[in-house]
1. By how many degrees, 0 to 90 and rounded to 10, does the Cα axis of helix 385-398 deviate from the longest principal axis of the chain?
2. Calculate how large, on average over all directions, the projected area of the Cα convex hull of the range 642-792 is; give the answer in nm² to one decimal.
3. Quick one: length gained pulling residue 804 to residue 733 fully straight, 0.36 nm per residue minus the C-alpha distance?
4. From the phi of every residue in the range 236-242, what ³J(HN,Hα) in whole Hz does the Karplus formula 6.51 cos²θ - 1.76 cosθ + 1.60 yield, where θ is phi - 60° and glycine or proline is x?
5. Taking the convex hull of the alpha carbon atoms in the chain, what volume per residue do you get, in Å³?
6. Summarise the accessible area of the range 40-162 (1.4 Å probe, protein heavy atoms) by the percent that is carbon and sulfur.
7. Quick one: angle between helix 297-315 and the longest Cα principal axis of the chain, in degrees between 0 and 90, rounded to 10, please.
8. Given Cα pairs under 8 Å that are at least 6 residues apart, what percent is the relative contact order of the range 83-172?
Amino acid sequence: MTGNDIRKKFLDFFASQQHTVVASDSLVPKEDPTVLFTTAGMQQFKRQFLGNIDGYTRAASSQKCLRTDDLDEVGKTNFHHTFFEMLGNFSFGDYFKKDAIAWAWEFLTKELRIPANKLWVSVYKDDAEAEEIWRRDIGIDPKKLVKLGDKSNFWPSNAKESGPNGPCGPCSEIFFDYGVNPDCANKDCNPDCSCGRFSEVWNLVFTQFNRKEGGILEPLPHKNIDTGMGLERLAAVIQGKKNNFETDLFAPILAAIDKEIISEKLTISLTQKRIIADHLRAIVFAIADGVVPSNDGRGYVIKKLIIDITDIVAHAGGKNPLANKIVPAVVEAMREPYPELLSKSKDISGTIKNIETSYLRVRKERIPELKEQVLKTRTLPDGQQSPALGKIMFAYRDTYGLTVSTILSVITEANIPGTVVKDAKTEFNKLMEAQQKQSRASSKMTGDVFTDTGLELNVPKTEFIGHERSRSMSTILKLYIDNQKINEITAGDHVKIILDRTPFYAEAGGQVGDTGFITADQNRIRVTDTQKIDDIFLHFGIVEKGAFKINNQVTAEIDLERRLSVMRHHTATHLLQAALRSVLGTHVQQQGSLVCEDHFRFDFTHHRAITPEEIERIEQDVNIRIVNCDTVTKDILPIEQARKSGALAFFAEKYGKVVRVVSISDYSKEFCGGTHLDSTGQIGMFKIISETAIAQGIRRLEAKTGLWALKYITENNRQLAKISQVLKTPTEKIVERLDTQAKRLKQLEKEVEQFRFEAIKNSLDGILQEAESLDGTMIIGHAFKEATIELLRKVSDLLRQKAKSSVILLGASTEGSAFILLAVTEDLVKKGLKANELIAEIAPLINGSGGGRPELAQAGSKDADKVEGAVQQANKLIKEKIKSCRS
């Protein structure tokens, strides 16, 4: 039985038990800033678990999950993964323990035909109800039922004592017994033993309590069921394997890895192959769900996984990107349940290859530097070596992205003493922990599935009527000040208001929330923003006049002019995406957007900067469609019908069974819940104002429409007219005039530079007379004003001709910048005095950084006033270095 068969059997079984089969959510949780990735099947049902029931009380799913908690264990154990699928069935105040246990047992023993005598179960030590069901209803062998404590059989683990607050409860787990492990020293081996005999197959969580501050457990009014079963572990059991990597879910991926390894003539261990296979599944699905490898957040996690693979290949002697070549095998292995991977395969491969290529280049450039830095620590006094080495490790890990294994391999090659390395690791870990602590402090990521929003939101979903109307008669359901529920608000209060219905659009899909007014007779609230939590709309505002109470009847009216401006920009994003796909290619996919009143930005996949000619074509394409006054239609369709129609979906949005599709003529069709115009002609005009890169393979365009575009163009024309006046040149000839003046200016700069050089040449004898001599070596140091680094190089060449054995240190300041150039003659380099090593110590004197070769190095900064003092201090440092070289 294949993994695909098992997944289908599970969903079909629970469908027959009146469960609604719900498609897997994205790996990027929508409207949930508390977690980086979807880590469990229950995450997409948070709203239902909190008592907000939407149409069904029973659900089943196979959820894509990504966890990094056990990253160091991946490939080394039989069952740890970053990406995995979690099979789960859920009850929202419907059935409870009896049915959950009975169906779990029936599915395993009847549907999958796992021998009952191979299964063990655990229950929470104080859960007599679950224990009784297992004994009486299921008839489990009492010897195969164990009671475990808060760590193993309560969810979240140790929640009673340690939190977090929120829904929680006991759980019961089902284990498969692979047979006695002869190496296990535990005479009473049971499922709580870590010897490998037992594989946890299914966890049944009975969410029956709400934890309050102080560890108080209050019974929930509606008890829930949340179960999770790893597809990979279950496939191993069914297919008679003890290792998940030996199942059909991984076999084609591992075969593709072997093929590429053989082709590249590399030797990679089985553990490393499994790491590559595991990480690639996580990488492929994350990128497919819209995660862009980057230097922060979830993008950093995926970039790190790619780099880890690249590092494995590089350590084995690989010179070329390899991971991207395995992507088709991952897509093929997973195409049956996730057919959407097929259309994204090429883009995913390209994204991975970009990161691989970049990292291989970093290794090539930085490892030689790292070797030099590591070797320098050997010359430091005892007690200073480890801290210095730890800081070097941190710098090359944090700044340049080298992996810890690569850094340690360089240290090992340098024969650094083990005690020094051990203490250096401690220093490195301290620095990493400090950085991570700072990152967590500035992040909203808590990792808690049920995070307290601070608001008591026990109200029905808000009825949104803003697509049809800009004004509504509504009832106030809730009022808050500083997240505290209150009954009445008065003038001057900053408030949050929940209405039963609203025309106010709540921020979503990149479109900002509406503003406007909520009124009742002469009482007025100015609404400054609209947000939503689980489809409950929160109107943020200030009471400008009068007072309001809960259950008051009010008039809610949006700022229509502002809404129309936002709509112009939103509809324009659809025209822009169509134009981008037409001009640049159909690989273009939206990666994010921000739609405001005065402008919008649009992020999309593209591998290079857009040329000015392409910008012109895109602008023309959009403006032609505006002039054509094409009709904008909005339809509500079943999601499958919408997909089959070719409508584009944005990765970060989660869609229900019914979706809103916005279509424009025959060239644009997108899933979109935002507000839109009725005709493209209402946009007026469109102007791109900037084009930038925001990550590898991701570009950003910013644009304006309507009167905002006109204002932007008018201001540009005004500036152009001023330039025309200053240059005393007609507008149409400005470029020609500027080109002429630029050439003249360049010629003048050359002449001035030559004049300065001649003046300095005439002063060289004086500079040489000021030089100091130390054991036959001249130490030449001088600071110039208004000199460039190019001029310093020329002066350095002349001085080296006059002083055969010398160290030449030249400083300069110009236009607010500082430069230092250091030259060392070849005879001194052979004795161990190297310019690139010296410059690393001198650069901080001007608060700068530098680098170079042993014979010639340079540094720069923005602290022009520090040059003279730096040259004087550096002279002293150079003398000490010369003495140490001779000793």
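1. Helix 385-398 sits at roughly 70 degrees to that axis.
2. Approximately 19.9 nm², given one-decimal rounding.
3. Details: separation 71, 0.36 × 71 = 25.56 nm, distance 5.48 nm.
The residue 804-residue 733 span can extend by a further 20.1 nm.
4. These are the phi-based 3J(HN,Hα) values: 4, 5, 5, 8, x, 10, 8 Hz.
5. Details: hull volume 198.9 nm³, N = 887.
Here the figure is 224 Å³ per residue.
6. Values: 2290 of 5250 Å².
Taking all protein chains in place, the range 40-162 shows 44 percent carbon and sulfur surface.
7. 70
8. Values: 75 pairs, mean separation 23.0, N = 90.
Answer for the range 83-172 is 26 percent.
The values are calculated or read from the model by the stated rules, or taken from the named source; none is laboratory data. What you are looking at is a predicted structure, and each value in this text was computed from that prediction instead of being measured. All Cβ positions, even for glycine, are placed from backbone atoms using ideal geometry, and neighbour counts span all protein chains on display. Remember, those area values only see protein heavy atoms, side chains included, never the ligands or the DNA or RNA. Shrake-Rupley method; radii C 1.70, N 1.55, O 1.52, S 1.80 Å.
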